[in-house]
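Report on one structure; see the data block that follows.
The values are calculated or read from the model by the stated rules, or taken from the named source; none is laboratory data. Keep in mind that what you see is a predicted model, and the values were worked out from it rather than measured. Here the Cβ positions follow ideal geometry from the backbone for every residue, glycine too, while neighbour counts run over all protein chains shown.
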Amino acid sequence: MEQLLNSNISSVQNIFYNYIQKQGVFKDKNALTSSFIPSNIQHRENEIKQLSLMIAPMLKGFQTSNIFIYGKCGTGKTMSSRFVLNQLESASKEHKTHPLKSIYVNCKMKKVADTEYRLLTQFLKELGENVPDTGLPTDVLYRRFFDRIENGNTSLIIILDEIDTLYRKIGDEFLYNLTRINTELKKNHITIIGITNDISFKDNLDARVRSSLSEEDIIFKPYDAIQLKDILMMRSTKGFVDGAINEDVISKCAALAAQEHGDARRALDLLKVAGEIAERLGDSIITEKHVDMAEEKIDMDRIYEIIKLQPKQSQIVLYCIIKMTKRQNDNKKWVDKRVLTGDVFDEYVKICNNTNMKVLTLRRVSDLIKELDMLGIIDTRVISKGRYGRTKEIFLTINENMIEKTEKQLESHIF
DNA sequence: AGTCCACAGGAAGGGCAGGCGA
DNA sequence: TCGCCTGCCCTTCCTGTGGACT
C-alpha cells in the first residue's frame, strides 16, 4: 500500500518536474485572452478616437452625452471602451482635472448584475459604500446612490455591457431612473455607455429612455480575415515563444473566426486552446491539427458550462429535446430535425414521473425552452399548423457529433 | 367567412428564503 | 423579535394568434 502511494507521488512529481524543465509554447498566456488590453489596439483607431472625443468634456467637469456602442461579439467594443476609459482616468489624474471614476458592469453576469437591486448595490460598492446584498428598499438605494455622487467630488462613467440582456430581464425602468438621476445632479454627472450586439435593441426602448440614453452612437464593424490575422500575429508575438507557432496556423484561426462574423474573441480562444493542447501532448510547435482539436474542445466546453449552470428542470427539458430529436427516424438532415413544444412537454412529464421529480406546468416549461433558446443551445420558431394550432418548432444547435456526449452529460446530472 | 386548435406569452400573485432595521 | 423588503421560482388566469378546415 505504502509502495503504491509512493509510486503515485513520484509519478505526479515527475509530471511537475518535466513541466518546469520543458520549454512550453507560451511566453505570456495572458496576452492571448480577450480581457487583455494591449497598448496598441489594431483596426479600431477611428472608433477609439470617436469615443475619446465624445467623453473628453468630462475632464473639465462638463456633462457629456450618453453613448451607445453597437457591434457583434468579438469586434472589440468592450476592449476599446475600457481602453479609452483607462486613458481618461489616467489623464484626469495626471493633469489634476475634474475627478472621474468609471464602473464596468457586464449585465450578463447572473447573480451579480441582473436585477435593479443588484446593479445599484454593485454601483454603491464600487463607490465605497457598504450595502447589504438584499433587504433594503430599492428607493433607499437610489437615494444613497444619488447622495453619494452629488456629495462626492467625482463624476461617474458607467459602462453597461450587454445592456440588451439587462433590458430583457428588468425592462427599461432602471435606465430611465438612471437618466433621471443625471438630470437632477448639479455638481457631478453620470455618463452611461451602453454596449450591445443587438442593433435593433434601441427600437424596443421607451421613447423617453431612447432619447436621453442614446444621444450618440458608435458602430463597430466585424473584423475581416486579414484584420484578424494582424491581431493574432501581434498577440502571438507576445503570447508564444519564438518558433512555437507559424503563420499558417494563425491564418487558419483567423479564417475560422472570420467565418463566425469576424469574432476576435473566438480567434484568440482558438489560438490559446490550441497552444494548451499542444503543450499537453508534449509538442513544442502548434500545428493545424491542434487548432482542429481546439475548435471541438471550445464548443464542447461551452455546452458543458451551460448545462452545469442550469437548474435540474431545465436540464430535463434539454434532455427531452435531444431525445425527441434523436427519435426522428426520417431521412432529414440533422439540422432540419425539429420537435414541437407539446411533444417535449409529454416526454418531460414521463421523465419527471420516472425520476420522482416535481412536474412543472406547460407555461413554465415554455419559459425554460425560451431560456435555452437565449443561451443559444437551441433555436426556436413559432409556427402555425392551421386548425391543429400554434406551437413552437425547436431545433438543436449543438453540432451533430457532440450530441451523444451532451446527452451523456445530461444523464449524469439528471439520474 | 367563420370556426377551432394548441399553444405563445403577458399579468398578477403566492410562497419561500434571506436580510435589514427599529 | 417582527415587520418589511427583495429575489426567485412557480402557478393560474387570461387574451391573442395563424392558418387549415368546414
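Against the definition (crowded, with 22+ Cβ neighbours inside 10 Å, out of contact with any Phe, Trp or Tyr (no Cβ under 6 Å at 6 or more places or on another chain) and within 30 Å of A:A31 (Cβ to Cβ)), how does A:L213 come out, yes or no?
No: the conditions fail for A:L213.
Looking at A:K202, A:K221, which is the one that is surrounded by fewer than 23 Cβ atoms within 10 Å (Cβ to Cβ) and not in a helix (DSSP H, G or I)?
A:K221
Return the only residue of A:T237, A:T191 being crowded, with 21+ Cβ neighbours inside 10 Å and outside any loop (DSSP other than H, G, I, E, B). Give the derivation first.
Values: A:T237 fails: crowded, with 21+ Cβ neighbours inside 10 Å.
The unique qualifying residue is A:T191.
Report, by residue number, each residue of segment A:351-372 that is within 15 Å of DNA strand B (Cβ to nearest atom) and assigned to a helix (DSSP H, G or I).
Matches in segment A:351-372: A:L362, A:R363, A:R364, A:V365, A:S366, A:D367, A:L368, A:I369, A:K370, A:E371, A:L372.
Residues that are buried (at least 16 other Cβ atoms within 10 Å of the Cβ) and within 25 Å of A:D299 (Cβ to Cβ): does segment A:345-367 have at least one?
Taking every residue of segment A:345-367 in turn, none turns out to be buried (at least 16 other Cβ atoms within 10 Å of the Cβ) and within 25 Å of A:D299 (Cβ to Cβ).
Which of (1) under 28 Å from the mean Cα position of the chain (by Cα); (2) within 17 Å of A:Q409 (Cα to Cα) is the odd one out, the single condition A:M374 does not satisfy?
Only one criterion is unmet by A:M374, namely (2).
Return only the number of the condition from (1) within 9 Å of DNA strand B (Cβ to nearest atom); (2) assigned to a helix (DSSP H, G or I) that A:V382 does not satisfy.
(2)
Whether any residue in segment A:72-93 is surrounded by fewer than 16 Cβ atoms within 10 Å (Cβ to Cβ), of a type in the set (S, T, N, Q) and either assigned to a loop (DSSP other than H, G, I, E, B) or in contact with a Leu (Cβ under 7 Å, 6 or more places away or on another chain) (or both) is what I want to check.
no
Any idea how many residues of segment A:385-396 are within 15 Å of DNA strand C (Cβ to nearest atom) and in a strand (DSSP E or B)?
Here the count works out to 4.
Taking the criterion of being away from DNA strand C (no atom under 14 Å from the Cβ) and in contact with a Ser or Thr (Cβ under 6 Å, 6 or more places away or on another chain), would at least one residue in segment A:399-414 satisfy it?
no
List the pairs whose first member sits in segment A:349-377 and is of a type in the set (G, A, S), whose second member is within 9 Å of DNA strand B (Cβ to nearest atom) and modelled with pLDDT of 90 or more, and whose Cβ atoms are under 8 Å apart, counting only residues at least 6 apart or on separate chains?
Between residues of segment A:349-377 that are of a type in the set (G, A, S) and residues that are within 9 Å of DNA strand B (Cβ to nearest atom) and modelled with pLDDT of 90 or more, the close pairs are A:S366/A:T341; A:S366/A:K392.
Restricting the first residue to segment A:129-141 and requiring it to be at pLDDT below 75, which pairs with a second residue that is more than 8 Å from DNA strand C (Cβ to nearest atom) meet a Cβ separation below 6 Å and a spacing of at least six or different chains?
Matching pairs, first to second residue: none at all.
When you go through A:K385, A:K392, A:K405 one by one, which is the residue that is outside the structural domain of A:R302 (by TED's automatic domain parsing) and without any contact (Cβ under 8 Å) to a residue 40 or more places away in the chain?
A:K385
Among the numbered criteria (1) at pLDDT below 90; (2) within 16 Å of DNA strand B (Cβ to nearest atom); (3) of a type in the set (D, E, K, R); (4) more than 28 Å from the chain's Cα centre (by Cα), which one does A:E347 miss?
The failed condition is (1).
Has segment A:334-344 got any residue that is within 14 Å of DNA strand C (Cβ to nearest atom), surrounded by 11 or more Cβ atoms within 10 Å (Cβ to Cβ) and of a type in the set (S, T, N, Q)?
Applying the first criterion (within 14 Å of DNA strand C (Cβ to nearest atom)) to segment A:334-344 yields A:340-342.
Going one step further and asking which of them are surrounded by 11 or more Cβ atoms within 10 Å (Cβ to Cβ), we end up with A:340-342.
Restricting the remaining residues to those that are of a type in the set (S, T, N, Q) gives A:341.
There is at least one residue in segment A:334-344 that is within 14 Å of DNA strand C (Cβ to nearest atom), surrounded by 11 or more Cβ atoms within 10 Å (Cβ to Cβ) and of a type in the set (S, T, N, Q).
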